[in-house]
Amino acid sequence: MTDVLAVTEHRRGELRDVSYEIITAGRQLADETGGDLHLAVISGTVDDFAEKLNREGVDAIHTVSHGEEFNHDVYTQAITQLYDDLAPQYILTPNSVNGLDYAPAIANALDLPVVTDTIGLETDGETLIATREMYGGKVETTNELEGAAVATIRGAEWPAAEGTGDASVEAFDAEIDEDAVGSTVNGFEEVGGGDVDISEADVLVSVGRGIEEEENIPLIEELADALDATVSSSRPIVDNGWLPKNRQVGQSGKVVTPDVYIAIGISGAVQHVAGMKGSDTIVAINTDPNAPIMDIADYAIHDDLFDVVPALTEEFGG
């Protein structure tokens, strides 16, 4: 029996979606190894977070009350101490800005191998088999790590854990060396239209190169207003400077999992699909019936967006 320690994530007082997805990934690994799934909740309102994370499949939740926001040194110290105390086989972290900040440091401190951006995890005896994507999602590769290991998981690749659990919640008394904490969070500053976080949107109206020119973007914004949705885009729109970087969906943008994703004039390159394939319902509008986006769409509209979008705006805006 070998255990799994999964580290959850929060930002500005809210748990990130990956915190619930990492429960599913960790539970699957724990089932394969016959062990328990432990969650680490570090900083912030840990008791409130622990209550929300007490989902089916979690065996124990360990809270570390120290500070409000993510801090590299606090997380590194707390997680390495938890590892020494629990002796898990695997440590899982989100493949996020924060997770990629501390996961290598933990692996280095514990002398463990680390694999990042995994989209699948399974075991074969004492071997962890991690699946990753390469060449813009065109190729899947497997990496075999012997013994204990650290792995970061890509968001939206595992479903969020559901159901109410009965995990024990224990405060872990981490001994944080304040002299080794080299930074503090003084606040947040939004940049590049950062007032919108497309990863939190329930409905996204996403635009691609089929819009042809910047002057046509208001056509998409009008539909978004009618649907009470958020506008997002594929990379070419951002590269052209027609929308800010924070609106980009895809491997080099953000991973999104809205209830509805409307792809307008988007061909569906693998880099874009990797960022939105977890959407509950995908609607594609494209003049090319053979565009890759049409293959993954739940509803495919083969027509000119300049005819379809105004009609949808009128229908939903009226």
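The values are calculated or read from the model by the stated rules, or taken from the named source; none is laboratory data. Owing to the predicted nature of the structure, the values given are computational and were not obtained by experimental measurement. Cβ atoms come from the backbone with ideal geometry, glycine included; neighbour counts cover every protein chain shown.
Within the stretch 222-243, the set of residues being hydrophobic (A, V, I, L, M, F, W, C), in a loop (DSSP other than H, G, I, E, B) and farther than 15 Å from Arg209 by Cβ comprises Ala229 only.
Residue-level analysis places Asp228 among those that are at positive phi and surrounded by fewer than 18 Cβ atoms within 10 Å (Cβ to Cβ).
Among all residues of the stretch 80-102, there is none that is farther than 12 Å from Ile153 by Cα, out of contact with any Ser or Thr (no Cβ under 8 Å at 6 or more places or on another chain), modelled with pLDDT of 95 or more and assigned to a strand (DSSP E or B). Within the stretch 20-43, the set of residues being crowded, with 23+ Cβ neighbours inside 10 Å and not in a helix (DSSP H, G or I) comprises Leu37, His38, Leu39, Ala40, Val41, Ile42.
In the set Glu122, Glu157, Glu200, Glu178, only one residue is surrounded by 12 or more Cβ atoms within 10 Å (Cβ to Cβ), over 18 Å from the mean Cα position of the chain (by Cα) and among the acidic types (Asp, Glu); that residue is Glu122.
Residue-level analysis places Tyr299 outside the set of residues that are buried (at least 22 other Cβ atoms within 10 Å of the Cβ) and assigned by TED's automatic domain parsing to the domain that holds Gly210. Considering the stretch 9-61 alone, what residues qualify as being charged (D, E, K, R), touching a Phe, Trp or Tyr at 6+ places or on another chain (Cβ under 9 Å) and under 16 Å from Tyr75 (Cβ atoms)? Across the stretch 9-61, the qualifying residues are Glu9, Arg11. Out of Asp298, Asp303, which single residue is more than 30 Å from the chain's Cα centre (by Cα) and touching a residue at least 12 places away in the same chain (Cβ under 8 Å)? That would be Asp303, the only listed residue that is more than 30 Å from the chain's Cα centre (by Cα) and touching a residue at least 12 places away in the same chain (Cβ under 8 Å). Would you check if Val115 is closer than 15 Å to Thr8 by Cβ, of a type in the set (Val, Ile, Thr) and crowded, with 18+ Cβ neighbours inside 10 Å? It is false that Val115 is closer than 15 Å to Thr8 by Cβ, of a type in the set (Val, Ile, Thr) and crowded, with 18+ Cβ neighbours inside 10 Å. Only strands (runs of 3 or more DSSP E) whose full extent lies in the stretch 244-307 are considered here, and the ones with at least 1 residues that are of a type in the set (Phe, Trp, Tyr) and more than 20 Å from Glu214 (Cα to Cα) are 260-264, 299-302.
Yes/no matrix, rows are residues, columns are (1) surrounded by 17 or more Cβ atoms within 10 Å (Cβ to Cβ); (2) touching a Phe, Trp or Tyr at 6+ places or on another chain (Cβ under 9 Å); (3) modelled with pLDDT under 95; (4) under 26 Å from Ala160 (Cα atoms):
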{"site": "Leu204", "(1), (2), (3), (4)": "yes, yes, no, yes"}
{"site": "Ile220", "(1), (2), (3), (4)": "yes, no, no, no"}
{"site": "Leu223", "(1), (2), (3), (4)": "yes, yes, no, no"}
{"site": "Ser233", "(1), (2), (3), (4)": "yes, yes, no, yes"}
{"site": "Asn246", "(1), (2), (3), (4)": "yes, no, yes, yes"}
{"site": "Val249", "(1), (2), (3), (4)": "yes, yes, no, yes"}
{"site": "Gly265", "(1), (2), (3), (4)": "yes, no, no, no"}
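Listed conditions (1) within 26 Å of Leu145 (Cβ to Cβ); (2) modelled with pLDDT of 95 or more; (3) more than 21 Å from the chain's Cα centre (by Cα) are all met by Met1, apart from (2). The combined condition, being farther than 24 Å from Leu145 by Cβ and part of a helix (DSSP H, G or I), is fulfilled by Asp73.
Restricting attention to the stretch 129-149 and to residues that are of a type in the set (Gly, Ala, Ser) and over 21 Å from Thr33 (Cα atoms), the residue that is surrounded by the fewest Cβ atoms within 10 Å (Cβ to Cβ) turns out to be Gly136. Within the stretch 76-95, can one find any residue that is closer than 18 Å to Arg11 by Cβ, in contact with an Asp or Glu (Cβ under 6 Å, 6 or more places away or on another chain) and polar (S, T, N, Q)? Yes, the conditions are met somewhere in the stretch 76-95.
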